[in-house]
Amino acid sequence: MFRLWSLSPPASVRHFSSTVAELATPTTNAAPKWTPNSIRTGLIARKRGMTSMYDDNGVRVPVTVLQLENCQVTANIKTVRPDQTEYHAVQVAASDRPHKTTTAQMRGHFRKARVHPKRIVKEFPVTPDAHIPIGTTLSAVHFVPGQYVDTIAKSIGKGFQGGMKRWNFKGLRASHGVSVSHRSIGSTGGHQDPGRIWPGKKMAGRMGGETTTAQNLRVVRVDTSLNLIFVKGCVPGVDDAHILVRDAKKKLQSLARANQAKGLYEKVLPKGVTDLPFPAGTAELAKTLPTIIEAPSDRVTSPFTPRE
């Protein structure tokens, strides 16, 4: 169960309990439903920085704030591989940009999709039942508070760093017997055999500035009016960087398929999550939901209550 409420003056805050799935259930039965074998599209968000929240038990939780900037679907991709298997993907674009700074080729692509030119375009592999109509505006309610997500971005560049900082080497002795080489990485190769350093040896070099994935981050809050997603923990990238956010491959997708195969249907989704918006959480769906949707505390007991 999620705790949902709308933003209003503190004296008149209304509390009630419900589930996102109950509020998001369509009136018709023709709409597709999420299954453990379904793979939904991801979103493109901007990292706005980090802050802290307090859960139901009063525990301080560090969170990263991600914001969607007019994230829209620009294409549905279907490709037949040489082995006759099919590749399905949804192309998503975000962050509007001026027409004059957009290439003519991309202007034609966005014109065909009937969306405003965007700064970033990415595609997410999906299952055949997870395609989304072109031009659909995606919302932060695509991710349900309580579920887990993976975030992908280019990590912060650290420049040229030594082995201790780059690979967590312990260095040489800090006492007797070492002269002006305490942070040295030590020997790097053998003698005449092999007579060289093997490729891939961990040594000093450029650190950071690489595509990095932070896995299994818990979504703790969603703001439907500002399109904000609050995830627990840190996310790679500098502030205002574009972040790819998708359902966690390990702690959501793989775990759901494994529990379904075992017959543990109550453990297919994380605790408190009954369903996921499928094929996507759209702006139209966000209008039917409260402004703030927050997941309950993942702690079983309050840390401030003495144990019996």
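Taking the chain as a Gaussian network, where each spring joins two C-alpha atoms under 10 Å apart, which residue of MET164, MET50, MET207 fluctuates the most? Looking only at MET164, MET50, MET207, the biggest GNM fluctuation is shown by MET164. Positive contributions from Lys and Arg (+1) and negative ones from Asp and Glu (-1), summed over other residues with Cβ under 13 Å from the Cβ of ASN216, come out at +3. With a Förster radius of 35 Å applied to the beta-carbon distance between PHE304 and LYS250, the computed FRET efficiency rounds to 0.60. Straight Cα distances below 17 angstrom link LYS251 to the lysines LYS232, LYS262, LYS267, LYS271, with same-chain residues fewer than 8 positions distant left out.
Taking amide H positions as modeled 1.01 Å from N, with prolines and chain starts lacking one, the residues under 5 Å from THR282 and 5 or more places away or on another chain are SER139. The angle between the Cα long axis of helix 104-113 and the longest principal axis of the Cα atoms of the chain comes to about 40 degrees, rounded to the nearest 10.
For the chain, with every protein chain kept in place, what is the accessible area per residue (1.4 Å probe, Å²)?
About 58 Å² of surface per residue is accessible.
Shown in residue order for the range 43-56 are the 3J(HN,Hα) couplings computed by the Karplus curve 6.51 cos²θ - 1.76 cosθ + 1.60 at θ = phi - 60°: 10, 10, 10, 10, 7, 9, x, 10, 8, 9, 10, 10, 7, 4 Hz (x for Gly and Pro). Within straight-line reach of LYS112, meaning a Cα separation under 22 Å, sit the following lysines at least 8 residues removed in sequence or on another chain: LYS78, LYS100, LYS122. Relative contact order, whole percent, for the chain stands at 29, derived from Cα pairs under 8 Å and 6 or more residues apart.
Note on the chain: GNM, Cα springs under 10 Å; of THR188, THR102, THR212, the largest mean-square fluctuation is that of THR188. How much net charge surrounds GLY42 when only the other residues with a Cβ under 12 Å from the Cβ of GLY42 are counted, with Lys and Arg +1 and Asp and Glu -1? Charge balance in the 12 Å sphere: +1. Before anything else, pin down the relative contact order of the range 45-194: Cα pairs under 8 Å, at least 6 apart, normalised by residue count, whole percent. Relative contact order for the range 45-194 comes out at 17 percent.
A simple count of charges around LYS158, restricted to other residues whose Cβ falls under 9 Å of its Cβ and scoring Lys, Arg +1 and Asp, Glu -1, yields +3.
The values are calculated or read from the model by the stated rules, or taken from the named source; none is laboratory data. These numbers come from a predicted model, not from an experiment. Note that each Cβ is placed from the backbone with ideal geometry, even for glycine, and that neighbours are counted across all protein chains shown. Heavy atoms of the whole protein, side chains included, go into the accessibility calculation; ligands, DNA and RNA do not. Shrake-Rupley method; radii C 1.70, N 1.55, O 1.52, S 1.80 Å.
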